[in-house]
Amino acid sequence: MPSVIALDAMGSDRRPKPEIEGAIQAARHYDVHVLLVGPESALLAELARYPSAAGLPINVVHASEVIGMEDKAVQAVRAKRDSSMRVGLRLVRDGRASGFITAGNTGAAMATAKMVLGAIPGVDRPALAAVFPTAIGTVASLLDVGANVDSKPHNLEQFAVMGEIYFRMLFGTKRPRVGLLSIGEEETKGNELTREAFQLLQKLPLNFVGNVEGRDLYNGKVDVIVADGFVGNVALKISEGVANLVRSTLKESLKATITRQVGALLSRSAFADFKKRLDHTEYGGAPLLGVKGVCFITHGSSNANAIKNAIRVAAEFAEHPINAEIERTLIGIRASRAARSGIADVASNVSTTIA
């Protein structure tokens, strides 16, 4: 049976064109059934412009309201009860879809997901995990990249557990290397949040490699990088800006220096491969880890390729028991910690009694 993915067709900056084109590409190339969520008449009219969509497993689910980028998240979630986001997430909650994707308002998407799907037991705050390429041809994941601008040490601990499970199960790495993003490798480096989080992470049953610095995000020395949402989002946006600068600069340099036809062909081929490796649209969206269901959030500027790959990755996520493993692991960690605390209390009482 194909995975059924609900797609907010009214989320991107150029809605619904990228969503519909991406849905058509995904339905054609992958074993997925796409539910386009939004105003039925508008979506059917747009679909009619694509004769190639005829016969593909794509259906429209009506939603009368749209949450815009300018809307305040909490107000929009409360006021727009028939928004394309809410309707799409209800499809996941009710078992009619395996996952949900939106390129819309990130804050509203996170708030709606937490309200409609709820949090996995043991998770205090969900986290967004971004995937990006490394210098050695692998990928790495950074979380949180914006779901929480203020985090506590125990939140980072949960991010580490969720990120490790997500990376291990989706990318097949048996023992992903988990690092804590800080300003130095030494345990004593960083602010109060990272120093306290370090103590918690080193006690987890993970392959924790200690602190990592910003330059380690792309060198392939670590698989999962943990940060609070403020720092993670800044790191991600700076990385995207640098990638765009490198692409445009390299493109201009190639144009200015290529003189021979053979060299031009080789350079264009190399540049195309280079551009694809750095293209964030190849990696789909960022999963919101920690909610009861599959929810992916992509850029508002997403094109059809980004939507297509987000559908692919959401379907892959839905095929793995990632959420069940997160719940089991976090509950086990809490139970183990409570047991150790209980033993310590008993030992303390015995010591006091003897004294």
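The values are calculated or read from the model by the stated rules, or taken from the named source; none is laboratory data. All figures in this text were calculated on a predicted structure; none of them were measured in a lab. Note that we place each Cβ from the backbone using ideal geometry, even for glycine, and neighbour counts take in every protein chain shown.
Things worth noting here:
Quick grid of which residues meet (1) of a type outside the set (Ser, Thr, Tyr); (2) out of contact with any helix residue (DSSP H, G or I) (no Cβ under 8 Å at 6 or more places or on another chain); (3) under 17 Å from ALA147 (Cβ atoms); (4) modelled with pLDDT under 95:
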residue: LEU206; (1), (2), (3), (4): yes, no, no, no
residue: VAL209; (1), (2), (3), (4): yes, yes, no, no
residue: ARG215; (1), (2), (3), (4): yes, yes, no, yes
residue: TYR218; (1), (2), (3), (4): no, no, no, yes
residue: ASP223; (1), (2), (3), (4): yes, no, no, no
residue: ALA227; (1), (2), (3), (4): yes, no, yes, no
residue: ILE238; (1), (2), (3), (4): yes, yes, no, yes
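- Residues within segment 209-250 that are farther than 14 Å from LEU180 by Cα, free of Cβ contacts under 8 Å to residues at least 24 places away in the same chain and either more than 16 Å from the chain's Cα centre (by Cα) or not in a helix (DSSP H, G or I) (or both), tallied: 7
- Cβ-Cβ distances below 7 Å connect the following pairs, each with a first residue in segment 157-182 that is in contact (Cβ under 8 Å) with a residue 24 or more places away in the chain, a second residue that is crowded, with 24+ Cβ neighbours inside 10 Å and among the acidic types (Asp, Glu), and a separation of six or more residues or different chains: PHE159/ASP144; PRO176/GLU164; VAL178/GLU164.
- Looking only at residues of segment 57-87 that are small (Gly, Ala, Ser) and either buried (at least 17 other Cβ atoms within 10 Å of the Cβ) or at positive phi (or both), we find that the one that is modelled with the lowest pLDDT is ALA76.
- Taking segment 1-62 as the region of interest, the strands (runs of 3 or more DSSP E) fully inside it that hold 1 or more residues being over 21 Å from VAL313 (Cβ atoms) are 32-38, 58-62.
- Within segment 55-108, the set of residues being of a type in the set (Gly, Ala, Ser) and free of Cβ contacts under 8 Å to residues at least 24 places away in the same chain comprises GLY55, ALA79, GLY95.
- Of the residues making up segment 137-172, those that are touching a helix residue (DSSP H, G or I) at 6+ places or on another chain (Cβ under 6 Å) and outside any helix (DSSP H, G or I) are SER141, LEU142, LEU143, ASP144, VAL145, GLY146, ALA147, ASN148, VAL149.
- Of the residues in segment 112-120, at least one is buried (at least 24 other Cβ atoms within 10 Å of the Cβ) and either of a type in the set (Phe, Trp, Tyr) or over 13 Å from the mean Cα position of the chain (by Cα) (or both).
- Of all positions in segment 42-54, none carries a residue that is in contact (Cβ under 8 Å) with a residue 40 or more places away in the chain and of a type in the set (A, V, I, L, M).
- Contact annotation: no residue pair with Cβ atoms under 9 Å, 6 or more positions apart or on different chains, pairs a residue in segment 133-156 that is at positive phi and modelled with pLDDT under 90 with a partner that is among the acidic types (Asp, Glu) and part of a loop (DSSP other than H, G, I, E, B).
- Filter result for TYR30 (surrounded by 13 or more Cβ atoms within 10 Å (Cβ to Cβ) and without any contact (Cβ under 8 Å) to a residue 60 or more places away in the chain): no
- Condition met for ALA304 (within 13 Å of the chain's Cα centre (by Cα) and at pLDDT 95 or above): no
- Filtering segment 88-109 to residues that are buried (at least 24 other Cβ atoms within 10 Å of the Cβ) and part of a helix (DSSP H, G or I) leaves GLY88, LEU89, VAL92, ALA108, ALA109.
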